[in-house]
1. If the viscosity is 0.692 mPa s and the temperature 37 °C, what Stokes-Einstein diffusion coefficient in µm²/s follows for region 7-131 when Rh is the Kirkwood radius over Cα pairs?
2. Given just the C-alpha atoms of region 68-131, how large is their convex hull per residue in cubic angstrom?
3. Please name whichever of MET78, ASN128, MET108 sits farthest to the positive end of the charge dipole of the chain, dipole taken about the Cα centre and charges placed at Cβ: Lys and Arg +1, Asp and Glu -1.
4. Any idea what the relative contact order of the chain is, in percent, if you count C-alpha pairs under 8 Å spaced at least 6 apart?
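Read the figures in this text as sums done on the coordinates, not as results from a lab. This one's a predicted model, so the numbers in the text were calculated from it and none came from an experiment. Ideal geometry is used to build each Cβ from the backbone, glycine not excepted, and the neighbour counts take in all protein chains shown.
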Amino acid sequence: MKPYPVSYTHLRAHENNIEEDDVEVVLNNEENIDKKFSGNNSLSKYVELGRIMISMLKDVKNGSYKNIPWFTIATIVMAFLYILNPMDIVPDFIPGIGYIDDVAILTMGVGWIESDLHRYLDWRMENNLGI
């Protein structure tokens with residue numbers, strides 16, 4: 001298992017360690033990512049955010065969306081790889097607090113790539129692709 005960068009500087013230093021295989025792992029686990037946030041009402045707002053980021057990865061992978069720096073892809077992939085790991089900093093099976101670290105990692109990552117997410121959503125709207 002790869003180490004999880006937990007700061008912007010650390011992620012920038014390790015962004016080139018993210019490979020196409022890592023993108024595939026995330027895309028192959030789309031349903032698991034969706035389920036992780038869908039099962040908890042307090043996390044439901046993250047479901048749509050996760051779907052947007054998965055959609056972005058798919059559009060990048062199939063070549064239809066190209067206006068994205070590798071750092072953004074690496075941020076999304078690292079956040080989802082962290083979320084998929086049930087034995088992360090705070091194990092998911094701990095009732096009430098098991099998802100706190102997952103939400104923190106996702107929120108931190110979104111903060112770093114927010115402008116790229118907005119550009120992506122604008123592109124989808126301009127091309128009548130919806131979300």
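1. Numbers: Rh = 14.9 Å.
Once the numbers are plugged in, D ends up at 220 µm²/s.
2. Per-residue hull volume (Cα only) is 94 Å³.
3. Of the listed residues, the answer is ASN128.
4. Values: 81 pairs, mean separation 33.5, N = 131.
In percent, rounded to a whole number, it is 26.
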